[in-house]
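Report on the following structure.
The values are calculated or read from the model by the stated rules, or taken from the named source; none is laboratory data. Here the structure is a predicted model, which is why all the values come from computation and not from measurement. Note: ideal-geometry Cβ built from the backbone for every residue, glycine included; neighbour counts use all protein chains shown.
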Amino acid sequence: MAKLRFEHYVIVASFAALLAGSLLFGQRQAPSKEEEETRGGQSRAPTRSGALALWRVLRQHGVQIVRYERRVDLLHPSTRVLLSVASPVGFDADEAAGLERWIRGGGTFLWLPRTTLDNDGVLLAAARLEYVPHEGEPEERSFSIDASPVDPALGRAYSVVLSRRARLRSPKGGPVGLGGDDRGWVAACARLGRGRLIVFADPRPARNDAILHGDHAALLTHLVLACADGGPVAFDDYHHGYAEGQTPVAYLLDTPAGGAILNLAVLAALVLLGAGRRLGPARTVHEERRRRPAEFIEAYARLCRASRATGPAIALVLGHVLDSLQRRFGATDDAVIGREAARRGLDAKKALQSLEAAKAASRGRPAPAEMVRSLRDLETLRRALLASKEK
């Protein structure tokens, strides 16, 4: 085993010092607007629009929570509540149908959409709800939410701050409004089979920067506790695409240590190149040259000549001749060889004698002259028998 040299210790010590310094004293940059938009609503995101605070509030109240990273039409029936906060991707047709079946089976979908997409309208239509966007400025105001239609035990009114950018309406009636104004509802509850669809027109109550405003935390916690009834509660992270970049390496590079690691790698490469030294002995490279088929034949011929193994050489050629005759005539017995030799105007007796002589020579050690004569006779016989014209 090669001994560690001074260069190894320098690299390891530098890496440890930079990593420790970055983790202890590094400052994380504030997320950009693009990052804020990408992480909005994710249950892991600590950004302003993330839902990590709601996750922690529910955990503090003993709610059994899971982060769901699969399609919603694969929800297990034992899951009682599904939360979807500000998802940038909507449900496709199969997901909407599967989610509706899950709700009708007794599940509760607590939905705080960022905005409804085209394919989300299928689920709203099943609940006889209509999402009406607002073209004006997202002015915020306080609304009173009555959660008693979800659970009579939640009879008091909750003060919630929502924007004026969207409303919910029910053209045909059926769903129950939980709060709103003359423009429509800001929250509604629709019964679907044995389950419920609870929709908010704005995801602000579940965001990190607003979870402690008004009664946001109390309202959402009470709704989840009342609907879960002790069962599992799932946060929909699948439609946020949060499965990407969750490897240990990706997580480490996302911290302040990531820049230090990259800089250290570049610095180490420059130091090694500048020093011109290897971290170990030089390797001896052996390049193998591909041999031509003729070289193997020549090598075999030299081996036979050196060991006077003339018999195996004749056996090799004899096997090739018999194999060619077998493929052409289907057999190599004396009757077949004699018949085919006669058809081509050859002496059948002499042809059979040539084959018998070659077989006898292959079992012995004939002289080189006899070997050459035997091989010449075999080649002549092979060409004559494989000729296409019959006489």
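Listed values, structure above:
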item	result
Within the stretch 212-253, considering residues that are surrounded by fewer than 20 Cβ atoms within 10 Å (Cβ to Cβ) and β-branched (Val, Ile, Thr), the one modelled with the highest pLDDT	221
Set 160, 150: member being surrounded by 13 or more Cβ atoms within 10 Å (Cβ to Cβ), assigned by TED's automatic domain parsing to the domain that holds residue 240, at pLDDT 80 or above and touching a His at 6+ places or on another chain (Cβ under 8 Å)	160
Residue in the stretch 309-330 that is modelled with pLDDT of 80 or more, part of a loop (DSSP other than H, G, I, E, B) and more than 16 Å from residue 375 (Cα to Cα) present	yes
Residues that are within 42 Å of the chain's Cα centre (by Cα), farther than 13 Å from residue 131 by Cα and either outside any strand (DSSP E or B) or touching a residue at least 24 places away in the same chain (Cβ under 8 Å) (or both), drawn from the stretch 176-197	189, 190, 192, 193, 194, 195, 196, 197
Residue in the stretch 336-353 that is exposed (fewer than 14 other Cβ atoms within 10 Å of the Cβ) and in contact with a Ser or Thr (Cβ under 8 Å, 6 or more places away or on another chain) present	no
The listed residue being at pLDDT 80 or above, assigned by TED's automatic domain parsing to the domain that holds residue 224 and under 24 Å from residue 103 (Cα atoms), out of 167, 191	191
